[in-house]
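Each reported figure results from applying straightforward, stated rules to the coordinates on display, with no laboratory input. In this text, all values refer to a predicted model and were calculated from it rather than measured experimentally. Here Cβ is always computed from backbone atoms with ideal geometry, including for glycine, and neighbour counts include all displayed protein chains.
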Amino acid sequence: MSAQTEPKLVTQIDFARAGRITPQMKEVAEREHRDPEYIRERVADGRISIPANIVHIKKGMRAFGVGEGLSTKVNVNLGISGDKADAAEEWKKVKIAEDFGADAIMDLSNSGKTRQFRQQLIDETPLMVGTVPMYDAIGYMEKPLVKLTKDDLFEVVRAHAEDGVDFMTIHCGINKSVTKTFKETGRLMNIVSRGGSLLFGWMEVTGNENPFYEFYDELLEICHEYDVTISLGDSCRPGCLYDSNDATETAEMIELGKLCKRAWAAGVQVMVEGPGHMALDEIAANMKLQKRLCHNAPFYVLGPLVTDIGVGYDHITAAIGGAISASSGADFLCYVTPAEHLCLPNAQDVLDGLMATKIAAHAADIAKKVPHARDMDDKMGQARRKLDWDAMWECALDPVTGKKRYEESPAATEGTCTMCGKMCAVRTVNKIFEGTTIDLGIED
Ligand code: SF4
């Protein structure tokens, strides 16, 4: 009798289904205060993804879990554009992302030779790294969009996988059926996803089906080989409130749900991307519909931006939507900066966008009752009651900015700040409970 050989286990989902707990599952369990079996079960059925390319694992990346019952993850986008190619500035952004608690960095470089930056990023950062190969295709293949072939596009995907990219946004769901719905029903802002617009343009000019849809099984083979988590791009995300939850967005979401099942069947981890712009009162329903149509796959959301007119402050419009989306089921928030709709963000924009998104994610985690999510808030309450400023910096999401503002405006009365000075409510009540003199109105 021939010896039974175990099927080759490569991806986290392969191992999970075989009942095996990987070091990455253990690491996620420890950080999230969950039992490793809780993580394994959910990786096995797709409710949790651990985007960790086998190449990046060898370079010492940290493992992050995205999905049900886990803390909401936050992504920072950066990368060189054709109009602004300053690699030093992009490295400053990498440092901010790492120092201020991002979980992922998406390298959206879309001009020239991007491979060196991507490879160095994967060598150096322990955070999850994501890319959108479609952005890179024209520069990588040195060909105009309409001359790119299916083989060219898949070669770019393979190059990103070989480099160690942990998750790739690929717009597989915009097929001929979805574009038919789009053209028939119309939209105010048409297609605002960069990758989606490139594929739509390619499909319209060549007359061909979206190759990432038509040859999806081949794409899954590449993703499986390296354990790349496929992040199913939402080409038809609404770019304004008027287009949200319309027929086109929903038609694509139905396709994405089918593609989730095919990815899982092939042993590939999946996330699904979501809106966009959306009125506050529509967000919770959209999250629930996505989870239903996409079989509880982790949902990776941009905002949504809850108004179209917050230009210059879209980190705030997105954070409001982000708090609602994450508390209603979204698992991963892509940051939005004050430069959204205006220009490539600078380093300060990156910090502002990251902090706004971190706050949204954290607020949602408290509402979702993620284990230990509010521990730091309770510690902050204690530190504030004691007017213990050093303890406050230890609790703060951004201690650097907080401390700087406090020290820039020294208070005359010890322990207080210049907001209320001697009339500090905390100080007054502390004095009452300590039984010491209340010195208000009494000059020293
Ligand atoms: S002075 Fe006012 S703002 Fe400052 S710590 Fe006291 S109560 Fe708070």
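What the table shows:
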{"item": "Karplus 3J(HN,Hα) series, Hz, for region 55-70 with 6.51 cos²θ - 1.76 cosθ + 1.60 (x for Gly, Pro)", "result": "6, 5, 4, 5, 8, x, 5, 7, 9, 10, x, 10, x, 4, x, 9"}
{"item": "In nm, spacing of pseudo-spin labels at Arg385 and Ile254 (7 Å Cα→C-beta vector)", "result": "5.5"}
{"item": "25 °C / 0.890 mPa s Stokes-Einstein diffusion coefficient of region 59-184, Kirkwood radius on C-alpha pairs, µm²/s", "result": "155"}
{"item": "Karplus (6.51, -1.76, 1.60) ³J(HN,Hα), θ = phi - 60°, over region 234-245, in Hz, Gly and Pro reported as x", "result": "9, 4, 9, 5, x, x, 7, 4, 4, 8, 6, 6"}
{"item": "Of the DSSP H helices in the chain, those whose Cα atoms cover at least 27 Å axially and whose Kyte score averages 0.0 or more", "result": "347-367"}
{"item": "Amide H within-cut-off set for Gly310, under 5 Å, with H built and near neighbours excluded", "result": "none"}
{"item": "Percent RCO, i.e. relative contact order, over the chain, from Cα pairs under 8 Å lying at least 6 residues apart", "result": "15"}
{"item": "Descending principal axes extents, region 268-329, alpha-carbon based, whole Å", "result": "38, 23, 15"}
{"item": "Between region 353-382 and region 85-106, the alpha-carbon center distance in angstrom", "result": "22"}
{"item": "Within the chain, percent of DSSP bridges classed antiparallel, to nearest 5", "result": "10"}
{"item": "Size of charge dipole - region 39-145 - debye, nearest 20, with Cβ of Lys, Arg +1 and Asp, Glu -1, no other charges", "result": "240"}
{"item": "Length gained when the stretch Ala87-Ile309 is fully extended (0.36 nm per residue, less Cα-Cα span)", "result": "76.8 nm"}
{"item": "Shape parameters for region 1-99, alpha-carbon atoms, Rg then Dmax in Å", "result": "17.6, 65"}
{"item": "Arg115/Val426 FRET efficiency (R0 35 Å; Cβ-Cβ; nearest 0.05)", "result": "0.05"}
{"item": "Computed E for Leu9/His295 - FRET, C-beta separation, R0 30 angstrom, nearest 0.05", "result": "0.85"}
{"item": "Leu108 long-range amide H proximity, modeled H, under 5 Å", "result": "Leu78, Gly79"}
{"item": "Cα-only Debye scattering, the chain: base-10 log of I(q)/I(0) at q = 0.08, 0.13 Å⁻¹", "result": "-0.48, -1.14"}
{"item": "Compactness of region 219-333, expressed as Rg and Dmax over alpha-carbon positions, Å", "result": "14.3, 44"}
{"item": "Label point distance in nm, Asp151-Ala18, each placed 7 Å from Cα along Cα→Cβ", "result": "3.4"}
{"item": "Electrostatic dipole magnitude of region 205-331 [Cβ: Lys, Arg +1; Asp, Glu -1; Cα centre; debye, to 20]", "result": "460"}
{"item": "Residue-averaged [θ]222 nm for the chain, counting only DSSP H segments that reach four residues, each worth -39500 (n - 2.57)", "result": "-15000 deg cm²/dmol"}
{"item": "Footprinting exposure proxy for Ser71, Ser111, Ser244 (fewest neighbouring C-beta atoms within 10 Å first)", "result": "Ser111, Ser244, Ser71"}
{"item": "Inter-part distance where region 153-183 and region 297-350 are each reduced to a Cα centre, Å", "result": "23"}
{"item": "Percent of Cα pairs exceeding the 16 Å cut-off, where the set is region 191-231", "result": "47"}
{"item": "Given 10 as the ceiling on other Cβ atoms within 10 Å, longest exposed-site-free region of the chain for trypsin sites (Lys or Arg not before Pro) in DSSP loops", "result": "9-368"}
{"item": "Gyration tensor (alpha-carbon) shape descriptor, region 393-444, a/c threshold 1.5", "result": "oblate"}
{"item": "Shape of region 111-164, Cα gyration tensor, a/c cut at 1.5", "result": "prolate"}
